[in-house]
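*Asks:* What follows is a single structure, and I will ask about it in a moment.
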Amino acid sequence: MKRRQLGRNGPEVSAIGIGAMSFAGFYGSTSLEEAFALLDAARELGVDHLDTSNVYGNGKSEKMIGAYLADRGAAARGAFKIATKAGINRDPDTGRRWYDNSFEHLQSELDGSLKRLGVDAVDLFYVHRRQADKPIEEVAEALGRLVKAGKTKSIGFSEIAPSSLRRANAVFPVAAVQNEYSLSTRFPELGLVQASEELGTALVAFSPVGRGLLTDTPPSAAKVEDVAFLQNNPRFMAPNLSANLKLTEGFRVLAAEMGLPAAGLAIAWLLAKSPSVIPIPGTRKAAHLKELVTGAERVLTEEEISRVEKALPVGWAHGDRYSDAQWIGPERYC
């Protein structure tokens, strides 16, 4: 497994990681046994970066990882670099979300995460969403205090603008920023990729296979009806879904011609875009993880990259990546 740096002074991690939102049933039901099998496969394949959050299933994802580490013992605990996140609050009755980046909140939530994971410290702790009315310099300083307290080894931010990254990094080194990035969502190329390379910050790319659109088994209209997030996501609503499924047919054909699963080709393309990029696809199946790993093992030629980008040129996708409600929280910068 190829390796990449998790921040300028951070550890090396596998070129792809696992987005553990899937452990919380976000894209369909899963079981502890299925999660254990996936993590066993990850160890066999050399995938050692796990990304989770306190809000994934209200702690379910972290509990599953913690149960695995407890069951498999010291070897498993030393096998993974674990990242988690905090900063999102949700009212259980109304579903209303708000953001809290105060030191007190972040410390309390991190303590809860450490308990669920069964570890003394995580390798990376992100602010999941930026609190707009709090200067990001204050937030970076608060995160730095958690590093000094020994509760996390490094800090990160999710879905912030390049300008915010530079401001935060001037206060405390930001090991990673997390953003959606794939052949279907390329806006990070308008500043975030460049800022990450400049600062030595890892760009951890979530949804690198376009929430399933860039796979050999993309979501059908029936599948979308079973996933609450996709039901309200413009790219998966009629008539956009039909258009996007048709547009990605050529990509699937191209992947087969190149001897790769479609998901593997999507990963290989993303890794070719910048040495700072670390994709974290989410999956519940060991077989799917093996498909994704093929992309981390393949180095595309310039001619192959050109063919991929001809099949799916910039701006091909129908519909925005988020609905209006889903856009509340991420920083727009272009």
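Rule-based calculations on the coordinates, nothing more; no lab input. Treat the numbers as computed from the prediction; the structure is a model and nothing was measured. Cβ coordinates were reconstructed from backbone atoms using ideal geometry, including for glycine residues, and neighbour counts include every protein chain displayed.
*Asks:* Residue check, A132 against (1) assigned to a loop (DSSP other than H, G, I, E, B); (2) hydrophobic (A, V, I, L, M, F, W, C); (3) surrounded by 14 or more Cβ atoms within 10 Å (Cβ to Cβ), all met but one. Which one?
*Replies:* Of the numbered conditions (1) assigned to a loop (DSSP other than H, G, I, E, B); (2) hydrophobic (A, V, I, L, M, F, W, C); (3) surrounded by 14 or more Cβ atoms within 10 Å (Cβ to Cβ), the odd one out for A132 is (3).
*Asks:* What's the total number of residues in segment 195-229 that are touching a Leu at 6+ places or on another chain (Cβ under 9 Å) and either assigned to a helix (DSSP H, G or I) or surrounded by fewer than 19 Cβ atoms within 10 Å (Cβ to Cβ) (or both)?
*Replies:* 11
*Asks:* So, one more: Could you list, in sequence order, the residues of segment 162-187 that are surrounded by 21 or more Cβ atoms within 10 Å (Cβ to Cβ) and either without any contact (Cβ under 8 Å) to a residue 12 or more places away in the chain or assigned to a loop (DSSP other than H, G, I, E, B) (or both)?
*Replies:* Those that are surrounded by 21 or more Cβ atoms within 10 Å (Cβ to Cβ) and either without any contact (Cβ under 8 Å) to a residue 12 or more places away in the chain or assigned to a loop (DSSP other than H, G, I, E, B) (or both): Y181, L183, S184.
*Asks:* Inside segment 295-327, can you point out the residues that are within 18 Å of the chain's Cα centre (by Cα) and surrounded by fewer than 17 Cβ atoms within 10 Å (Cβ to Cβ)?
*Replies:* Result: Q326, W327.
*Asks:* With the requirement that a residue be loosely packed, with under 12 Cβ neighbours inside 10 Å and within 18 Å of R321 (Cα to Cα), what does segment 243-262 give you?
*Replies:* Once the filter is applied, which keeps residues that are loosely packed, with under 12 Cβ neighbours inside 10 Å and within 18 Å of R321 (Cα to Cα), segment 243-262 yields only K246.
*Asks:* Check A272, A263 and return the single one that is in contact with a His (Cβ under 9 Å, 6 or more places away or on another chain) and small (G, A, S). Spell out how you get there, then give the answer.
*Replies:* Working: A272 fails: in contact with a His (Cβ under 9 Å, 6 or more places away or on another chain).
Just a single option satisfies the conditions, and that option is A263.
*Asks:* With respect to V209, is the statement that it is over 30 Å from D48 (Cβ atoms) and of a type outside the set (G, A, S) true?
*Replies:* no
*Asks:* Going by the structure shown, is L110 out of contact with any Ser or Thr (no Cβ under 6 Å at 6 or more places or on another chain) and either surrounded by 18 or more Cβ atoms within 10 Å (Cβ to Cβ) or polar (S, T, N, Q) (or both)?
*Replies:* yes
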